[in-house]
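The values are calculated or read from the model by the stated rules, or taken from the named source; none is laboratory data. Every value quoted in this text rests on a predicted model; they were computed, and no experiment measured them. Note: ideal-geometry Cβ built from the backbone for every residue, glycine included; neighbour counts use all protein chains shown. These area figures cover heavy atoms from the full protein model, side chains too; ligands, DNA and RNA do not enter into them. Shrake-Rupley method; radii C 1.70, N 1.55, O 1.52, S 1.80 Å.
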Amino acid sequence: MTDAAENLPPGAQLLGREWLGFDESGHALIRFQAQPAFTNRHGTIQGGFLAAMLDSATGICALAALPPDQTAVTKSLDTRFLKPAGVGPITARAHVVERTDRDMVVQADLVDAAGVTVADATAKLRILAKK
């Protein structure tokens with residue numbers, strides 16, 4: 001988990017991903033930085049960037065739940081856009097909903113700086129051995 005949180009891939013760097021740890025209820029907390037370059041013609045964050053944040057958050061949450069010799073890849077990401085999101089910090093709260101030996105389901109919410117939930121998603125991930 002430490003490696004995944006510290007050695008950010010380019011996509012996570014672009015999103016400004018920062019691992020914050022776990023809250024008191026066991027949810028993984030991940031902060032992103034929504035940039036002005038992420039906005040659409042309405043001046044709000046384009047949905048594809050919010051989906052990328054949710055994919056990143058569910059993935060890093062899955063990695064936190066796995067032993068170091070395993071990884072996970074997203075099979076599907078069911079995303080809902082609830083409210084417009086503005087430029088600035090957006091925090092994801094993610095948790096594992098169910099897990100088998102081969103698969104995992106992770107749910108995540110994105111919350112803006114005002115505490116408004118702007119999007120959520122449920123990800124289905126495949127668990128794999130690291131190569």
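Numbers below:
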| item | result |
| --- | --- |
| Qualifying trypsin sites (Lys or Arg not before Pro) in region 73-110, DSSP loop, other Cβ atoms within 10 Å at most 13 | Arg102 |
| Extension gain (nm, one decimal) between Lys130 and Gln13, 0.36 nm per residue minus Cα-Cα | 39.9 nm |
| Extent along principal axes [Cα atoms of region 47-131; Å; largest to smallest] | 38, 20, 19 |
| Whole-number percent relative contact order across region 54-131, with pairs defined as alpha carbons under 8 Å at least 6 apart | 39 |
| Inter-label distance, nm, simple model (7 Å from Cα along the C-beta direction), Asp103/Asp69 | 2.5 |
| For region 3-120: relative contact order, % (alpha-carbon pairs under 8 angstrom, 6 or more apart) | 26 |
| With every protein chain in place, the chain: carbon and sulfur % of accessible area (1.4 Å) | 52 |
| Amide H contacts of Gln70 (H built 1.01 Å from N, under 5 Å, at least 5 apart or other chain) | Lys130 |
| Where labels lie 7 Å past Cα in the beta-carbon direction, separation of Arg41 and Phe22 in nm | 4.6 |
| Approximate spin-label separation Asp78-Ala114, in nm, with each point projected 7 Å along Cα-to-Cβ | 2.9 |
| Derived scalar couplings ³J(HN,Hα) [region 54-63; Karplus, 6.51 cos²θ - 1.76 cosθ + 1.60; whole Hz; x for Gly, Pro] | 5, 4, 5, 5, 5, x, 5, 5, 4, 4 |
| Region 1-73: trypsin sites (Lys or Arg not before Pro) in DSSP loop, at most 13 other beta carbons within 10 Å | Arg41 |
